[in-house]
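A short worksheet on the structure shown next.
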Amino acid sequence: MAVAGGVRSRLHNFLEGADNGGGRRLVITDSKTSLAKLVVENAVIVFGRRGCCMCHVVNRLLLGHGVNPAVCEVDEEKEEAVLNELSIVNGGGIQFPAVFMGGKLFGGLDRVMSTHITGELVPILKEAGALWL
Amino acid sequence: MDFPSTQFVSSQTMATYEPIHQIGMWGENFKSISNPNISASVIVDVVNKLENESETTSHEMLASSSKHDQEASKPFDKIQRRLAQNREAARKSRLRKKAYVQQLENSRLKLIQLEQELERSRQQQGLYVGGGLDTGHLGISGAVNSGIAAFELGYERWMEERNKQICELRSALNAQISDIELRILVESGMSHYFELFRMKSSVAKADVFYVMSGKWKTSAERFFSWIGGFRPSELLKVLVPQIDPLTDQQILDVCNLKQSCQQAEDALSQGMEKLRETVSATLASDQMGQGIYVPQVAMAMEKLEALVRFVNQADHLRQQTLQQMSYILTTRQAARGLLALGEYIQRLQALSTLWANHPRKPA
């Protein structure tokens, strides 16, 4: 599993970060990567198709709250495999973009939007350890 | 004493005969129309003529009847008047619908003719080898047209209902009815907006560009359009001063809501920008100049599908904002808010009409 590490990769990520709407980009190099591990290791992680605009929206919203989400951009070929594995992790159906917080599935753009408007999102982010204040 | 009753009878007779005469006229108007491109103004003229004549008739009828039973109880009079007005409104509505459907049928025939001509000229030029994309084209566009037609009809009805609700809210607030009754009006007002979002979602599946273009709205409304409708934060700015006075807590909550709206709108706008970049990049992903672009266009179309999700998300945001406001405000404040919103849109529509009709200086 190749996770951003080292100065060069970090710079690379920073430059590319703007492209996906913000967030640290994680790239799955092999299909045996444990997604469950990724989910547990990151307070907030967003799974989405590469170049997906909805993913961009989710990331911008989270960024606006001062959260730096990990972003996992999935290639088209690996899409089905990733969806399957995530469904097993979650114990139910998954759709892209999928946001995991505190090791659990939070939802898609719909839920992020709703909780953002009602003001529920910030407490949930704090509880997941994505925000400190 | 006999004079008033005689007048009443003859007016009544006049009222009975005129509508039938008018319907006959209506039929003749349509028979003489061979050109499928019947202009909307012709239909509007006919309907207006009918409306003016039937209004004068019903006014005469009512004037005589009120002279006749001056001693009769006032409420009965009001009820009769209301029933007559309702009947008139229903009749006008049916006639308008009939005219509209007729216009649509004619337009649809014309459209099919045009598409067939286009198909023929395309095959001759051979520029765009559409593969499977052109076959069944007529079938697809037929479904799109009927989706749009259904929406336009539904929207017209929706507007009528909304205007009715605005009147009810206005009189309810002036009459100082109980909070419970007011709550019912507020709830139905909100559900009515949710109904519009459902309708928009449906037609967006048929033709998302139709929703994005705002063709179904008046010109002034379109001026304020953002992803197929109003910007929630803009509406909040307009409506909050109308709901004064607010408690300190309410002011805080509304400020937070406005800020959240703006953030959500920004995120969606940026997503839209990204979509534009993606479609543009996909269309021009190869070295252009050879005239062969089928794969690029097909790929770009796949990307464009995301536009439907944007429209849905924007409406979802509008719905959430409406919902949240109803939690923050009291029933009375919510009623005033809904009334102000309805009236604001009516003013925008009036602005559009005024603009369309105002004399312009010669160039």
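Read the figures in this text as sums done on the coordinates, not as results from a lab. Remember, predicted model here, so these are calculated numbers, not experimental data. In this analysis, Cβ positions are derived from the backbone assuming ideal geometry, glycine residues included, and neighbour counts consider all displayed protein chains.
Counting every other Cβ atom within 10 Å of each residue's Cβ, B:Trp226, A:Trp132, B:Trp216, B:Trp355 order from fewest to most as A:Trp132, B:Trp355, B:Trp226, B:Trp216.
Just want the ordering: B:Val254, B:Val297, from fewest to most Cβ atoms lying within 10 Å of their own Cβ.
On the way: B:Val254 19, B:Val297 13.
Least to most surrounded, the residues fall as B:Val297, B:Val254.
Under 18 Å from a label point set 7 Å out along the Cα-to-Cβ vector of A:Trp132, the amide N atoms of region A:68-82 belong to A:68-70.
Using 27 Å as the Cα-Cα cut-off, could you pick out the over-long pairs in B:Lys110/B:Lys215; B:Lys97/B:Lys361; B:Lys205/B:Lys258; B:Lys164/B:Lys217? List each step's numbers first, then the result.
Values: B:Lys110/B:Lys215 20 Å; B:Lys97/B:Lys361 36 Å; B:Lys205/B:Lys258 29 Å; B:Lys164/B:Lys217 18 Å.
Pairs exceeding 27 Å: B:Lys97/B:Lys361; B:Lys205/B:Lys258.
When each of B:Thr247, A:Thr115 is scored by the number of other beta-carbon atoms lying within 10 Å, the sequence from fewest to most is B:Thr247, A:Thr115. All Cα-Cα separations within region B:251-290 were binned at 5 Å from zero, giving a P(r) of 6, 21, 13, 14, 10, 9, 9, 6, 6, 3, 2, 1, 0, each value a whole percent of the pairs. When you filter the trypsin sites (Lys or Arg not before Pro) in region B:293-363 for DSSP loop state and at most 16 other Cβ atoms inside 10 Å of their Cβ, you are left with B:Arg360. Note on region A:55-133: Rg/Rh from Cα positions, Kirkwood definition for Rh, rounded to two decimals, is 0.97.
Once the mean 1/r over all distinct Cα pairs of region B:171-225 is inverted, what Kirkwood radius in angstroms do you read off?
Working: mean 1/r = 0.0736 Å⁻¹.
With all distinct Cα pairs of region B:171-225 included, I get 13.6 Å.
Counted by Cβ distance under 15 Å from B:Trp355, the other residues give a net charge of +4, where Lys and Arg count +1 and Asp and Glu count -1. Computed from label points 7 Å out along Cα-Cβ, the spacing between B:Ser188 and B:Thr353 is 2.4 nm.
Counting each pair of different Cα atoms once, what's the Kirkwood radius of region B:156-264 in Å, rounded to one decimal?
Numbers: mean 1/r = 0.0616 Å⁻¹.
After inverting the pairwise mean of 1/r, the radius is 16.2 Å.
Inter-chain Cβ neighbour count for B:263-270, averaged per residue, equals 6 (cutoff 10 Å, partner chain atoms only). The separation of region B:155-195 from region B:277-345, counted between C-alpha centres, amounts to 27 Å. Sites listed here are GluC sites (Glu not before Pro) in region A:41-126 whose DSSP assignment is loop and whose Cβ has at most 14 other Cβ atoms within 10 Å: A:Glu76, A:Glu77, A:Glu120. Given 37 °C and 0.692 mPa s, how large is the Stokes-Einstein diffusion coefficient of region B:225-320 in µm²/s, with Rh as the Kirkwood radius over Cα pairs? Using the Kirkwood radius from Cα pairs, D works out to 207 µm²/s.
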